[in-house]
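Computed from the coordinates by the stated procedures, all read-outs in this text should not be read as laboratory data. All of these numbers come straight from a predicted model, not from anything done at the bench. Cβ: placed from backbone, ideal geometry, glycine included. Neighbour counts: every protein chain shown.
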Amino acid sequence: MNTIFYIINETTKNNKTKQLKTHTHKSKMYQQETFVNSLIEASSEERKQKIFRMIERKKKTAEEKIAKMHFLTEVYFEEVNKLLMQEAITGSMCTEVTFYVHHFKVSEELEKLGVFIGYPNEIATRWLNEMADPDSTFLKNPFKNWKGLNFKILSRFEGVDLKSGQGGMCKGEPTFNIEFSWIRNTKTWSKYRGVQKVDKDLTLEEDKEEFTHFIPTLDNSGKDYNCSFENISERFSSEKEAAKGFDDALKNIGLEPVNFGILDREFDDDDDDDDEGSFPY
């Protein structure tokens, strides 16, 4: 009888031991699976956040592009017009105007978010082209535009800052100069950078306008371009198509376009609002 009881007791102990081992094994597996799930969840959440930040950055970039054009127009457009008229009534046909560099950058806050809308010289070129376009949505009065004016950025940039020895200072802030002139050959002038209208005397059909664009080459720095009247493209029937052709030629040599589609490297109020009434002339 005692032997039977001993066997039953040992069998019970063995069963309990097996159950405990099984439970422990399952518990460890559960813990491992729980940890893996936590890793997967953490990775998934971070990927979601990255996508959200990318979407938010693209949105802010698009907004800043528009906001920057409005800001520059509000701060400079009328003031530049006054300066140009002051020079014109003296008999001058050109003048230099000084601009603050930081007005042509994004704010530090947006820069930290990865918002980039172009280098200052690119933003300046984009704004000048907008002011020269009668159809620009940034002009309050479409009949009051800069079409026909010639622009030349005199100061050189290296990235978002002026090159060493370039530009000047006003109220402790770096400045750069743009030359405005109102002498032009009406036969060949175009509102787009790198584009010229073919002289009517040289067109095949007198009543049809034709355009060409320069074929740009890299300068010695490798960061800017040169153009020559001896190196031009085939003829285009559309001024805009010629401008797109010039942009494509710039991209082919590793430079950013100057007429269309800049970053679109794709805007929040600039932190320079305190200087809106301060014009560095």
>> From the phi angles alone, apply the Karplus equation (6.51, -1.76, 1.60; θ = phi - 60°) to the range 133-150 and give each ³J(HN,Hα) in whole Hz, x where the residue is Gly or Pro.
In response: 9, x, 8, 5, 6, 8, 8, 5, 10, x, 7, 10, 9, 9, 4, x, 6, 9
> Any idea how far apart S228 and R156 come out in nm if each label point goes 7 Å out from Cα toward Cβ?
Replying inline: 2.0 nm
>> If R₀ is 41 angstrom, what is the calculated FRET efficiency for the pair I55 and K147, using the beta carbon separation as r and rounding to 0.05?
In response: 0.65
> C94 to K163: extension gain in nm, 0.36 nm per residue of separation minus the Cα-Cα distance?
Replying inline: 22.4 nm
> Applying the Karplus parametrisation 6.51 cos²θ - 1.76 cosθ + 1.60 with θ = phi - 60° to the phi angles of the range 251-259, what ³J(HN,Hα) value in whole Hz is obtained for each residue in order, glycine and proline being reported as x?
Replying inline: 5, 5, 9, x, 10, 7, x, 10, 10
>> Largest first, please: the extent of the C-alpha atoms of the range 56-185 along each principal axis, to the nearest Å.
In response: 49, 37, 27
> For S155, which sequence-distant residues (separation of 5 or more, or a different chain) have an amide H within less than 5 Å of its own amide H, given hydrogens modelled in the peptide plane?
Replying inline: N177
>> Using each residue's phi in the range 231-242, evaluate 6.51 cos²θ - 1.76 cosθ + 1.60 at θ = phi - 60° and report the 3J(HN,Hα) Karplus result to the nearest Hz, with x for Gly and Pro.
In response: 10, 10, 7, 5, 8, 10, 7, 10, 4, 5, 5, 5
>> If I model a spin label at T34 and E179 as a point 7 Å from the Cα along the Cα→Cβ vector, what separation in nanometres do I get?
In response: 7.5 nm
>> How high is the relative contact order of the range 56-185? Use alpha-carbon pairs under 8 Å, at least six apart in sequence, and give a whole percent.
In response: 29 percent
> Amide H of W146: which non-local residues (sequence gap of 5 or more, or other chain) have their own amide H closer than 5 Å, using H built in the peptide plane?
Replying inline: A132, D133
> Taking the highest mean first, how do the peptides 122-134, 210-222 order by number of other beta carbon atoms within 10 angstrom per residue?
Replying inline: 122-134, 210-222
> What do you get when you divide the Cα radius of gyration of the range 75-147 by 2.2 N^0.38 Å, with N the number of residues?
Replying inline: 1.31
